[in-house]
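The values are calculated or read from the model by the stated rules, or taken from the named source; none is laboratory data. Everything quoted here is computed from the prediction, not taken from an experiment. Here the Cβ positions follow ideal geometry from the backbone for every residue, glycine too, while neighbour counts run over all protein chains shown.
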């Protein structure tokens with residue numbers, strides 16, 4: 001917490017120090033989880049996300065013991081609002097906003113559906129606050145196959161494509177539509193990612209006469 005941040009710092013982060021003198025800073029080992037958690041915070045407190053950026057190479061190669069793979073900053077007119085926002089974000093991370101890692105092995109991925117978006121992600125997705133959003137992230141190949149499956153599984157539309165390489169070398173997309181359709185799309189995405197992990201060459205077809 002910075003209850004009264006220096007105006008020069010706040011301006012440097014892209015915010016108005018007259019409107020947002022108080023700051024709350026968060027790092028996390030999962031960048032997409034924190035983006036979703038910061039959005040969650042805007043639903044419970046009078047705060048804005050004034051800074052949120054992923055770091056390169058992921059948490060395994062962080063620059064320091066508390067760096068993780070992202071820095072997110074909430075800003076508000078008073079410290080209490082920022083404190084409430086931080087608490088909401090932390091609670092969301094502890095409860096259900098996290099990457100999924102298959103028990104039998106395979107890549108960690110993020111098949112997350114937000115039932116009601118806050119002000120942060122809705123603005124970036126071009127949808128109204130409160131509308132649902134599917135936030136789907138996986139390693140590059142798995143993401144491409146998974147997003148294709150998600151778009152074909154339900155009446156949804158892509159509102160943002162996140163092609164590789166991202167800062168953490170993952171990829172994905174945001175999908176909008178009816179909540180039930182987004183849930184079906186997220187299930188299809190997860191099933192496709194798990195299928196690639198279990199059968200990585202299942203779609204390969206070669207002529208028996210081919211010589212390489």
Quick one: is residue 116 modelled with pLDDT under 95, surrounded by fewer than 16 Cβ atoms within 10 Å (Cβ to Cβ), not in a helix (DSSP H, G or I) and not assigned by TED's automatic domain parsing to the domain that holds residue 40?
no
Residue 115: over 17 Å from residue 188 (Cα atoms) and without any contact (Cβ under 8 Å) to a residue 12 or more places away in the chain, yes or no?
no
Would you check if residue 45 is in contact with a helix residue (DSSP H, G or I) (Cβ under 8 Å, 6 or more places away or on another chain) and in a loop (DSSP other than H, G, I, E, B)?
yes
Counting only residues that are in a loop (DSSP other than H, G, I, E, B) and crowded, with 17+ Cβ neighbours inside 10 Å, how many does the stretch 153-193 have?
4
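Kindly provide the set of residues from the stretch 51-85 that are assigned to a helix (DSSP H, G or I) and in contact with a helix residue (DSSP H, G or I) (Cβ under 7 Å, 6 or more places away or on another chain), ordered by number.
85, the sole residue that qualifies.
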Over the stretch 9-42, the set of residues within 26 Å of residue 111 (Cα to Cα) and assigned to a strand (DSSP E or B) is 25, 26, 27
Considering each of 134, 143, 150 in turn, give the residue that is part of a strand (DSSP E or B), crowded, with 20+ Cβ neighbours inside 10 Å and at pLDDT 95 or above.
134
Only one of 134, 176, 89 is in the same structural domain as residue 30 (by TED's automatic domain parsing), within 24 Å of residue 41 (Cα to Cα) and touching a residue at least 24 places away in the same chain (Cβ under 8 Å), namely 89
